[in-house]
Amino acid sequence: MQDASLTQPRIGVRPSGPRDAISDVPGVTVGHYTLADGALQTGVTVVRPHAGDPYRDKVPAAATILNGFGKTTGLVQVAELGVLETDIALTNTFGVGTVANAQIRHAVAANPEIGRGLPTVNPLVFECNDGYLNDIQALAVTEAHYRQALAAASAEFAQGAVGAGRGMSSFSMKGGIGSASRVAEVHPGQRYTVGALVLSNYGRLPNLTVAGRPFGRLLAERMDRQTAAPAAMPEPEKGSIILLIATDAPLDARQLRRLSLRAGAGLARTGSVFGHGSGDIALAFGTAYTVPHLAERGMPTVPMLHETRIDPLFEAAAEASEQAIVAALWHAESVTGRDGHTRRAIREVAPEWRRWLADTQL
């Protein structure tokens, strides 16, 4: 994989893992299915917490709703039980039901007693609305697309206008999938990795802040001068973002909920105010242990990280989330979709971005 530092601004001071991606957390993999065909610009992204069966070997998890303008499925049970029992799926708003069905069928195929001798399964699907670039009314996402994304899951994966991110927009630019990781030293010699993956589809261009600098304001001013058109009235912030956090630190569901909240700090640093029409949802999960489905196997006995040592993880989650959002912007390519609508890649609009960041005053 190409060194991410060569293609995007570097956020923060904490070291990243070797890939600077969520897959730096051991066992985590990501797969995409991308549909790019004229007016159909959409897809599915799957995040796997481990390579086994998530129904039989659940992972601890918790979520924070920063702003609830979203149409996810599965969060009620996550909040109640504190575990995931399927892989995590991302898609467009109208694809949630289809992908949830695909998750159920996959779980039943692996565990034929689900819904009979075993309890039902809780599918977990997150969404953003890609209707500006994608003909969302076509309901183009199929169960086969989920299966293909799942089969493609790997530690090495593409970012930008791929998978569920194909039709997404951010700050009036092309958005999509972004990922990052940070290493946190919670005690001398005791290090854990925090990884982030985002489905970025939110933001107003004048608000875009990159590495603490008002990059979007500068870009908006230059674009207005190029078009010689009067400045339009600012639109309210709308869209959505899904922020996924993974860590190999031994945390329980309560601690993971606290960690998920810190993804909001990274989101805010990019210029978001969690606007009225934006669905901003963060979920954190841990890979340090699994919770067995069957009581006969017994619960794991894992000492949790002490609360007084959790701050470095909070800082890593905020920094990795901010970096992942930047990654989504900088990895994306320009896309033209429904009715000729186009979102341009930020690297194409501002190829001299390095100089802009260096010259822009705080």
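The values are calculated or read from the model by the stated rules, or taken from the named source; none is laboratory data. What you see is a predicted model, and the numbers here were worked out from it, not measured in a lab. For neighbour counting, all protein chains shown are included, and Cβ atoms are generated from backbone atoms with ideal geometry for every residue, glycine included. Accessible surface is based on the protein model in full, side chains and every heavy atom, while ligands, DNA and RNA are left aside. Shrake-Rupley method; radii C 1.70, N 1.55, O 1.52, S 1.80 Å.
Can you tell me which residues in segment 160-177 are within 20 Å of F215 (Cα to Cα), modelled with pLDDT of 95 or more and open to solvent by 10 Å² or more (accessible area, probe 1.4 Å)?
Result: S169, single match.
In segment 219-274, how many are part of a helix (DSSP H, G or I) and at pLDDT 95 or above?
Start the filter on segment 219-274 by keeping residues that are part of a helix (DSSP H, G or I), which leaves 219-227, 253-269.
Imposing the further condition that a residue be at pLDDT 95 or above reduces the set to 253-269.
Number satisfying all stated conditions: 17.
Only one residue in V83, V44, V28 is touching a helix residue (DSSP H, G or I) at 6+ places or on another chain (Cβ under 6 Å), at pLDDT 95 or above and more than 29 Å from E237 (Cβ to Cβ), so which one is that?
Only one candidate passes the filter, namely V28.
Name the single residue, out of those in segment 21-64 being open to solvent by 40 Å² or more (accessible area, probe 1.4 Å) and in contact with a strand residue (DSSP E or B) (Cβ under 6 Å, 6 or more places away or on another chain), that is nearest to P303 (Cα to Cα).
R48
Rundown of residues vs (1) open to solvent by less than 10 Å² (accessible area, probe 1.4 Å); (2) hydrophobic (A, V, I, L, M, F, W, C); (3) at pLDDT 95 or above, yes/no style:
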position	(1), (2), (3)
S179	yes, no, yes
T193	no, no, yes
S200	yes, no, yes
R204	no, no, no
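Looking at E315, E333, can you tell me which residue is in a loop (DSSP other than H, G, I, E, B), of a type outside the set (K, R) and touching a residue at least 60 places away in the same chain (Cβ under 8 Å)?
Matching residue, one of E315, E333: E333.
Is there any pair with a first residue in segment 261-282 that is in contact (Cβ under 8 Å) with a residue 60 or more places away in the chain and open to solvent by less than 10 Å² (accessible area, probe 1.4 Å) and a second that is charged (D, E, K, R) and part of a helix (DSSP H, G or I) whose Cβ atoms are under 7 Å apart and which are 6 or more apart or on different chains, and what are they?
Filtered contacts from segment 261-282: G266/E319; G266/E322; T270/E322.
Could you list, in sequence order, all residues of segment 275-305 that are among the small types (G, A, S) and not in a loop (DSSP other than H, G, I, E, B)?
G277, S278, G279, A282, A284, G286, A295
Does any residue in segment 128-154 that is in contact (Cβ under 8 Å) with a residue 40 or more places away in the chain come within less than 7 Å, Cβ to Cβ, of a residue that is of a type in the set (F, W, Y) and open to solvent by less than 30 Å² (accessible area, probe 1.4 Å) six or more places away or on a different chain, and which pairs are these?
Listed by first residue and then by second, the contacts come to nothing, as the list is empty.
If you scan segment 110-131, which residues turn out to be farther than 25 Å from G203 by Cα and in a loop (DSSP other than H, G, I, E, B)?
Residues satisfying the conditions are N111, P112, E113, G115, R116, G117, P119, T120, V121, N122, P123.
Among what's in segment 110-131 and is over 23 Å from L244 (Cβ atoms) and open to solvent by 80 Å² or more (accessible area, probe 1.4 Å), pick the residue that is farthest from the chain's Cα centre (by Cα).
Per the criteria, the residue is R116.
Quickly run through segment 303-339 and pick out the residues that are open to solvent by 50 Å² or more (accessible area, probe 1.4 Å), over 24 Å from the mean Cα position of the chain (by Cα) and not basic (K, R).
Listed by number, the residues that qualify are P303, M304, H306, E307, T308, D339.
Can you name the condition, by its number, that E156 falls short on among (1) in a loop (DSSP other than H, G, I, E, B); (2) touching a Phe, Trp or Tyr at 6+ places or on another chain (Cβ under 8 Å); (3) under 16 Å from G31 (Cβ atoms); (4) not hydrophobic (A, V, I, L, M, F, W, C)?
All conditions are met except number (2).
So for segment 84-101 (the condition being open to solvent by 40 Å² or more (accessible area, probe 1.4 Å), of a type in the set (F, W, Y) and closer than 22 Å to A263 by Cβ), does at least one residue qualify?
no
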